[in-house]
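Following: one structure in structure tokens, then a few remarks.
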Amino acid sequence: MKPDEKFVLDSVARFCAGDWRPGEDPPDGYLTVANHTIAIEVSTLTQHVTDDEGTRPRISDDTAAIRLANELDLEIGRSVPSGRRVMLVLRSPIADYRKSKASLAAEIQSLVGDRTGQRERKVTIRGNDIEIYVDEWDALEGKKIVAAVMHRSASVDILKNVTHILEDRIKVKAQKCATLKFAGPIWLALLNDYFLTEADTYRYALKSITVVHPFQKVLLVSDRGAVDILI
């Protein structure tokens, strides 16, 4: 079982004051509350992007940018002076990863070693527009190089994004659970990985979704384990 699935099932069980056990995929788990058993199917709501290559989860593109920042932190983080930290603004997908990483490392080291007082720099490396900022950082531990990731093809229409990802997850999970041989209620628990929105926006989006599904309840689980009932 994936860690995210366990996290969601733990959160739902705590919310319902019940216990859970693994399922057969489908469902991902069975929740027991006051001698009643409920099948729980789990999924994650994550932003999608659409471009000339089609529609796909944004995280598939952002992963490389996140890895880039993590590798730079491991390889040159020690060169960042004490009391300072480097913040990168990266745009995914990253073009020409290996050579871009080497050039960006050189830019970072140049900026942190600058004696003129310069603390920010905007550069274009092999087609990647990157912003580099050096700020004060008094923590004794933690990363010295961190990043915020933007996507070149991400829509700024949050409601459109929410409606698309919610409809997609309900449709896919409804099809997956169509052959489920279980006579009791089936719930869908969705981990919210789209940090720009919350439960009320999803509830509003549901008004325009007409997917037929078997779920008696649809739950939204935050990254902190809070649970909201959408349906």
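Computed from the coordinates by the stated procedures, all read-outs in this text should not be read as laboratory data. What you are looking at is a predicted structure, and each value in this text was computed from that prediction instead of being measured. Cβ placement follows ideal geometry from the backbone for every residue including glycine, while neighbour counts extend to all protein chains displayed.
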### Message
I'd like the antiparallel share, as a percent to the nearest 5, of DSSP beta bridges with both residues in the chain.
### Response
60 percent
### Task
Just subtract the alpha-carbon distance of Ser222 and Asp193 from 0.36 nm times their residue separation and send over the number in nm, one decimal.
9.7 nm
#### Entry: Added length on full extension, which subtracts the Cα-Cα distance from 0.36 nm per residue, Asp4 to Asp138
45.0 nm
### Task
Would you please calculate the Kirkwood hydrodynamic radius of the range 58-151 over all C-alpha pairs and express it in Å, rounded to one decimal?
13.3 Å
### Summary
With +1 at each Lys and Arg Cβ and -1 at each Asp and Glu Cβ, the charge dipole magnitude of the range 58-151 around its Cα centre, to the nearest 20 debye, comes out at 220 debye
